[in-house]
1. List the number of the failed condition for residue 429; all other conditions in (1) over 20 Å from the mean Cα position of the chain (by Cα); (2) crowded, with 23+ Cβ neighbours inside 10 Å; (3) not assigned by TED's automatic domain parsing to the domain that holds residue 14 hold.
2. I'm checking my understanding of the structure. Among residues of the stretch 42-75 that are over 29 Å from residue 352 (Cβ atoms) and in a loop (DSSP other than H, G, I, E, B), which one is farthest from the ligand (Cβ to nearest atom)?
3. Scan the stretch 109-121 and tell me whether some residue there is in a helix (DSSP H, G or I) and crowded, with 24+ Cβ neighbours inside 10 Å.
4. Would you say residue 404 is out of contact with any helix residue (DSSP H, G or I) (no Cβ under 6 Å at 6 or more places or on another chain) and crowded, with 16+ Cβ neighbours inside 10 Å?
5. Does residue 227 meet the test of being assigned to a strand (DSSP E or B) and in contact (Cβ under 8 Å) with a residue 12 or more places away in the chain?
6. Just name the residue that is farthest from the ligand (Cβ to nearest atom) out of those in the stretch 192-210 that are in a helix (DSSP H, G or I) and surrounded by fewer than 20 Cβ atoms within 10 Å (Cβ to Cβ).
7. Among what's in the stretch 1-19 and is in contact with a helix residue (DSSP H, G or I) (Cβ under 8 Å, 6 or more places away or on another chain) and in a loop (DSSP other than H, G, I, E, B), pick the residue that is surrounded by the most Cβ atoms within 10 Å (Cβ to Cβ).
Ligand SMILES: [Zn+2]
């Protein structure tokens, strides 16, 4: 089946822009991108992109979907205070909570132009169903490209970690379950809708052993590695005390920097850390709203980009930045970098690149997604910039500087997931209700610990 998008301002993110341009899609792939009208194709489904900006489908490089069920709590706390408050209700979640939260969280992402999302699920309370399967099913139902990380924590309070002992797993269980998740779900084939990554939670909640063994497992299986790093100064204090190193130095010392690794946040980096991230090809997922909500700081994104490092964008768990749309993070990143480092710290096009190609590089998928080029997957977002946004001549500036324009269409692998701002693969009101029900269920399950 052939789909043609025409008369749109096409931003390929690979260098070219075509005002009044077109895209031709065959099946799940882009076959042509160019200026002017599209070539004739009998029987093609033609989408008129007049008044629209066409960008690659956005890529969310960091998230915790289960947190949709615990939004609006611990609203005025630091990361460590927030975590120690929320570990309690999270310890009571079950597969039903995760299913509803993931459904709502992924639907929300799709409505802000996200075609591919990662997720970092690191909490597996015993005897509460298959939490990992629940989020994978939610993504498949919606039709979004998914890269969930089998996360983990094995260093509870009794071992000097931050989380209470009852929410951590032992090393052997984690390694067995993670290997099983990769064997069961990871699809390395071209056009894959589902890939798995390995993701111990953070240096303050996992042992050195788990980090080392996880890296061995991921490299043996050919999957990517992810974790949180240098999110707050509390973390740096923690690694200085425990290991005599900055968080990035610690990870470097155990083989955790490299082209197969991407790290969430990286707010507090020293110059030497930035240099190491760039020279090792390690990616960073920038989460500006979450960092602001928790008062963690502003990541040195412009310095990372200047050094040639890979930077993607992430909304982070919904409980540390309620209802954050991925497209909105482009504006957040732009303004926060400029507020801190000056008006030339980040351009609209650089911010868009972070949310597309940067994220694709973090997930190791830049060969197939993140730009609009022939041969790549047809993950395309079409934004309406002909209403109020038409008061700005440059549609990329209108898109990035202002409030996010309406999403006219989101295609994932050529399939329509959002049309005229509304989810079409699953009814939007159903998904919204599932998210609210997941919250109420978690609050009920957690009653005795709250
Ligand atoms: Zn996170």
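The values are calculated or read from the model by the stated rules, or taken from the named source; none is laboratory data. In this text, all values refer to a predicted model and were calculated from it rather than measured experimentally. Quick reminder, even Gly has a Cβ in these numbers, built from the backbone with ideal geometry, and neighbours come from all protein chains shown.
1. (2)
2. Taking the stretch 42-75 first, the residues over 29 Å from residue 352 (Cβ atoms) are 42-43, 69-70, 72-75.
Add one more test, that the residue is in a loop (DSSP other than H, G, I, E, B), and what stays is 42-43, 72-75.
Values: 42: 49, 43: 46, 72: 17, 73: 16, 74: 15, 75: 17 Å.
If we take residues in the stretch 42-75 being over 29 Å from residue 352 (Cβ atoms) and in a loop (DSSP other than H, G, I, E, B), then 42 is farthest from the ligand (Cβ to nearest atom).
3. Keep residues of the stretch 109-121 that are in a helix (DSSP H, G or I), which gives 109-110.
Adding the requirement that they be crowded, with 24+ Cβ neighbours inside 10 Å leaves 109-110.
The answer is yes, given that some residue of the stretch 109-121 is in a helix (DSSP H, G or I) and crowded, with 24+ Cβ neighbours inside 10 Å.
4. Details: out of contact with any helix residue (DSSP H, G or I) (no Cβ under 6 Å at 6 or more places or on another chain): no; crowded, with 16+ Cβ neighbours inside 10 Å: yes.
No, not satisfied.
5. Working: assigned to a strand (DSSP E or B): yes; in contact (Cβ under 8 Å) with a residue 12 or more places away in the chain: yes.
Yes.
6. Taking the stretch 192-210 and keeping what is in a helix (DSSP H, G or I), we get 208-210.
So of that shortlist, the ones also surrounded by fewer than 20 Cβ atoms within 10 Å (Cβ to Cβ) come out as 208-209.
Numbers: 208: 21, 209: 22 Å.
The extreme case among them is 209.
7. 13
Listed here are the residues, each with its yes/no results for (1) surrounded by fewer than 19 Cβ atoms within 10 Å (Cβ to Cβ); (2) more than 28 Å from residue 365 (Cβ to Cβ); (3) within 16 Å of the ligand (Cβ to nearest atom).
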| site | (1), (2), (3) |
| --- | --- |
| 225 | no, no, yes |
| 230 | no, no, yes |
| 247 | no, no, yes |
| 250 | no, no, no |
| 258 | yes, no, no |
| 262 | no, no, yes |
| 266 | no, no, yes |
| 271 | yes, yes, no |
